[in-house]
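Enquirer: Take a look at the following structure, please.
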Amino acid sequence: MLKRIHHVAYRCKDARETVEFYERVLKTEFLLAIAEDQVPSTKEPDPYMHVFLDAGMGNVLAFFELPTQPEMDRDHNTPVWVQHIAFEVEDYDALLAAKIHIEGEGIEVVGPIDHGIFQSIYFFDPNGHRLELVANTQTQEQLDELKRVAPAMLAEWSETKKAPKHAAWLHELEFRGTD
């Protein structure tokens with residue numbers, strides 16, 4: 001039924017600042033802007049600026065600036081680390097280069113963090129959205145095993161709400177082939 005994600009949209013504080021940040025820090029291309037004084041789906045009078053950025057390989061990241069709405073905020077019932085936007089980079093060297101570039105922009109970066117099948121760095125955009133850059137390091141064997149145990153993990157989690165141990169090997173160096 002689904003072909004692909006057309007775009008993912010988030011709110012921003014300032015459309016220009018957001019576009020400039022993503023162009024400068026993540027080297028995205030500003031694709032287009034749509035602005036209306038009325039919401040097309042609801043017909044409510046609510047002016048907005050909707051900007052679209054190329055996130056690579058046909059993926060589009062979009063933002064809405066909503067000047068007549070209350071100031072944006074985050075979901076305080078959800079930990080800050082949960083809601084984030086993750087982008088894939090070419091490899092681990094690209095991840096390290098991105099970290100240096102982002103820190104050079106005066107932005108605090110956490111990581112690299114080893115997740116067993118990928119390495120990540122984390123930082124925030126000017127709107128408070130947490131961003132993650134990922135360098136994949138997995139093997140096909142690891143992916144196959146994770147897919148195999150996924151249904152059992154979900155079933156166990158649904159019953160116990162405790163982390164199943166089916167993929168505990170993700171953090172065991174022997175299985176990953178790391179010294």
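Readers should treat all values here as calculations from the given coordinates under stated rules, not as data from a laboratory. Quick caveat, the model's predicted, so the values are computed rather than measured. Quick reminder, even Gly has a Cβ in these numbers, built from the backbone with ideal geometry, and neighbours come from all protein chains shown.
Enquirer: Can you classify segment 51-179 as rounded, prolate or oblate using the Cα gyration tensor, where a ≥ b ≥ c are the square roots of its eigenvalues, rounded means a/c under 1.5, and otherwise it's prolate if a/b beats b/c and oblate if not?
Expert: On the way: a/c = 2.11, a/b = 1.39, b/c = 1.52.
Oblate shape, in that a/c is at least 1.5 and b/c is the bigger or equal ratio.
Enquirer: Taking only Cα atoms and a 10 Å spring cutoff, compute GNM fluctuations for the chain and point out the largest among Asn59, Asn127, Asn136.
Expert: Asn59
Enquirer: Cα to Cα, under 26 Å, and not fewer than 8 places away if on the same chain: which lysines meet these conditions relative to Lys165?
Expert: Qualifying lysines at Cα under 26 Å: Lys147.
Enquirer: Sorted from largest down, what three extents in whole angstroms do the Cα atoms of segment 84-136 have along their principal axes?
Expert: 29, 21, 15
Enquirer: Ok, one more. By counting other Cβ atoms within 10 Å of each Cβ, how are Asp93, Asp46 ranked from fewest to most?
Expert: Fewest to most other Cβ atoms nearby, the residues stand as Asp93, Asp46.
Enquirer: Also: Taking the Cα atoms of segment 1-79, report the difference between the largest and smallest coordinate on each principal axis, in whole Å and largest first.
Expert: 34, 31, 28
Enquirer: Next question. If each residue of separation counts as 0.36 nm, what is the full-extension length gain between Lys13 and Ala97 once their alpha-carbon separation is subtracted? Present the calculation step by step, with values, prior to reporting the outcome.
Expert: Numbers: separation 84, 0.36 × 84 = 30.24 nm, distance 2.82 nm.
Here the segment from Lys13 to Ala97 would lengthen by 27.4 nm.
Enquirer: Can you find, among Pro70, Tyr92, Pro151, the residue sitting farthest towards the positive end of the charge dipole of the chain, where Lys and Arg contribute +1 and Asp and Glu -1 at Cβ?
Expert: Pro151
Enquirer: Quick one: putting +1 on the C-beta of Lys and Arg, -1 on the C-beta of Asp and Glu, what dipole do you get for the chain around its Cα centre, in Debye to the nearest 20?
Expert: Here the chain has a charge dipole of around 540 debye.
Enquirer: State, as an integer percentage, the relative contact order of segment 1-57 based on alpha-carbon contacts under 8 Å between residues 6 or more apart.
Expert: Values: 55 pairs, mean separation 17.5, N = 57.
After rounding, I find 31 percent.
Enquirer: A further question on this structure: Which one, Met49, Met57, Met72, has the greatest fluctuation when you compute a Gaussian network model over the chain with C-alpha springs under 10 angstrom?
Expert: Met57
Enquirer: Mind checking which aspartates and glutamates have their C-alpha under 15 Å from Lys99, skipping anything on the same chain fewer than 8 residues away?
Expert: Result set, ordered by chain and number: Glu88, Glu90, Asp91, Glu108, Asp114, Asp125, Glu132.
Enquirer: Continuing with the same structure: Using helices alone, I'd like the mean residue ellipticity at 222 nm for the chain: each DSSP H run of four-plus residues gives -39500 (n - 2.57), total over residue count, nearest 500. Let's see the in-between values first.
Expert: Working: 4 runs with 50 residues, N = 179.
My calculation for the chain gives -9000 deg cm²/dmol from helical runs alone.
Enquirer: Let me ask something else about it. State the answer as a single residue: which of Leu170, Thr160, Val110 lies farthest towards the positive end of the charge dipole of the chain, with beta carbon charges of +1 for Lys and Arg and -1 for Asp and Glu, about the Cα centre.
Expert: Of the listed residues, the answer is Thr160.
Enquirer: Okay, moving on. With an 8 Å Cα cut-off and a minimum separation of 6 or more residues, compute the relative contact order for the chain in percent.
Expert: About 17 percent, as a whole number.
Enquirer: Another question, then. Taking loop as defined by DSSP and a crowding limit of 14 other beta carbons within 10 Å, which chymotrypsin sites (Phe, Trp or Tyr not before Pro) in segment 77-125 fit?
Expert: Working: sites: Trp81, Phe87, Tyr92, Phe118, Tyr122, Phe123, Phe124; in loops: Trp81.
Listed in order of number, the matching sites are Trp81.
Enquirer: Same structure again: Where is the GNM fluctuation largest for the chain (alpha-carbon springs, 10 angstrom cutoff): Leu61, Leu95, Leu31?
Expert: Sorting by GNM fluctuation, first place goes to Leu31.
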